[in-house]
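Structure record follows, encoded as structure tokens.
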Amino acid sequence: MELKKRKLILDVDTGSDDALAIMSAVLSPEFEIVGICTVNGNRPVEYTTENTLRVLELLKADIPVIRGCATPITATLDPLRKMRQRSNDGVNEEGKEVTYHTEYLPLPPATKKAVPGTNAVCWYIDTLMKAEEKITLVMVGPLTNFALAYRAEPEIMKNVEEIILMSGGHDQRNSTAASEYNVFIDPEATAIVLNCGAKITMMPLDATHKANMRPCHEAVFVSWKNPVGDFVAAEIRGRLDAYNTMQPLHEPDIAPIHDALCIMYLLDPSVITKMKHMRCDVICGGMADGMTLFDTRHFNDAPKNVYVCLDTDEEKFASMLIDILSRSKDL
Ligand code: BDR
Ligand code: CA
């Protein structure tokens, strides 16, 4: 019997960990990827679009890429608000330049282009209004594209199966003391999406800081001695160096592959070991700009709007990721 594929739209700011999420989705026969929207985030949208195209060509995958928003909805109107934006780049103790995300991923320039004559906001509306089957949205960058699409045409929700987000932080944050990067870049967009009425599952940093690659995993990819292995190993090494230098976590030599956890969760929800249904709101502006505020009270009466993933089976995540990416050897 033929496998019934789950239809997905990905929304990405590629980006090293976005790249591994895209690759995991492309290499999973469980999914049919309807399109990949790009957005300003880790790098400006020209780069995140080109990087997305490069990753697809590495896997010989023919999937439409739709260029999305170049700026957040309103967050950059007040320059003071973004003064504390985290830099991607730094220099380690040996004087070596490190970065979470190179401007261009180290892959050959893409030969294909993004879908002409449209943008992610219009494409979401068009695609979701016409869809014959509900579609799951996996959004692992700032949420600007879908927030604007929903504002313009709320009826698109009729064809949204569910939304999986890499967003936010409960006990853990990375951009500022209050905020996670994807939310910090466009807090208003996050607030809109969290209130769009869909079933939403959120991977905050609490879960993704356990979705790690380590030097032992880097060595596995190096041993493949092929373009996919070399690329993945380089991205893991870049993230290990960047985290060790600029954002040491609870232990050294771990590189969270945040965005890929969303794909692993869809494939096997048991990769998440702790989840709570909660109310989550976003603080827009001020000292806590971009903070995801989770209502943990037992007696709260505000409607719960997200399933929040709070812990990860780290070994399962790593073995799933390696296993799925190893399918590229058969391409
Ligand atoms: C998120 O921010 C980006 O840098 C990553 O790609 C991930 O989506 C983690 O905070
Ligand atoms: Ca991302």
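The values are calculated or read from the model by the stated rules, or taken from the named source; none is laboratory data. Given the structure is predicted, the values throughout are model-derived calculations rather than measurements. Backbone-built Cβ (ideal geometry, glycine too); neighbour counts: all protein chains shown. Just the protein is used for accessible areas: all its heavy atoms, side chains included, with ligands, DNA and RNA removed. Shrake-Rupley method; radii C 1.70, N 1.55, O 1.52, S 1.80 Å.
Sub-7 Å Cβ pairs linking a first residue in region 266-277 that is in a loop (DSSP other than H, G, I, E, B) to a second residue that is open to solvent by less than 80 Å² (accessible area, probe 1.4 Å) and not β-branched (Val, Ile, Thr), at least 6 apart or interchain, are Asp268/Met320, ordered by first then second residue.
Taken over region 266-280, residues that are over 18 Å from Ala302 (Cα atoms) and open to solvent by 60 Å² or more (accessible area, probe 1.4 Å) amount to 4. Taking the listed residues Leu137, Leu107, the one that is under 23 Å from Ser16 (Cα atoms) and either open to solvent by 50 Å² or more (accessible area, probe 1.4 Å) or within 19 Å of the chain's Cα centre (by Cα) (or both) is Leu137, with no other qualifying. Within region 206-220, the set of residues being within 16 Å of ligand 1 (Cβ to nearest atom) and either over 20 Å from the mean Cα position of the chain (by Cα) or open to solvent by less than 10 Å² (accessible area, probe 1.4 Å) (or both) comprises Ala207, Thr208, His209, Ala211, Asn212, Met213.
For region 181-188, does any single residue satisfy the condition of being over 15 Å from the mean Cα position of the chain (by Cα) and at positive phi? Checking region 181-188: not a single residue is over 15 Å from the mean Cα position of the chain (by Cα) and at positive phi. Is it true that Ala120 is of a type in the set (A, V, I, L, M, F, W, C) and within 16 Å of ligand 2 (Cβ to nearest atom)? Taking the combined requirement at face value, the residue satisfies it.
Evaluating Ser16 against the criteria (1) farther than 15 Å from Leu137 by Cα; (2) more than 11 Å from ligand 1 (Cβ to nearest atom) leaves one unmet condition, (2).
If only residues of region 6-30 that are closer than 27 Å to Met157 by Cα and surrounded by fewer than 21 Cβ atoms within 10 Å (Cβ to Cβ) are counted, the one that is farthest from ligand 2 (Cβ to nearest atom) is Pro29.
Here is a check on your reading of the model: is Asp289 more than 27 Å from Leu20 (Cβ to Cβ) and crowded, with 21+ Cβ neighbours inside 10 Å? It is true that Asp289 is more than 27 Å from Leu20 (Cβ to Cβ) and crowded, with 21+ Cβ neighbours inside 10 Å. Pairs are defined by a Cβ separation below 6 Å, a sequence spacing of at least 6 or placement on different chains, a first member in region 57-86 that is without any contact (Cβ under 8 Å) to a residue 12 or more places away in the chain, and a second member that is of a type outside the set (Gly, Ala, Ser) and part of a loop (DSSP other than H, G, I, E, B); the pairs so defined are Lys82/Thr76. Of the residues examined, Arg239 is not one that is in a strand (DSSP E or B) and either free of Cβ contacts under 8 Å to residues at least 60 places away in the same chain or closer than 30 Å to Gly95 by Cα (or both).
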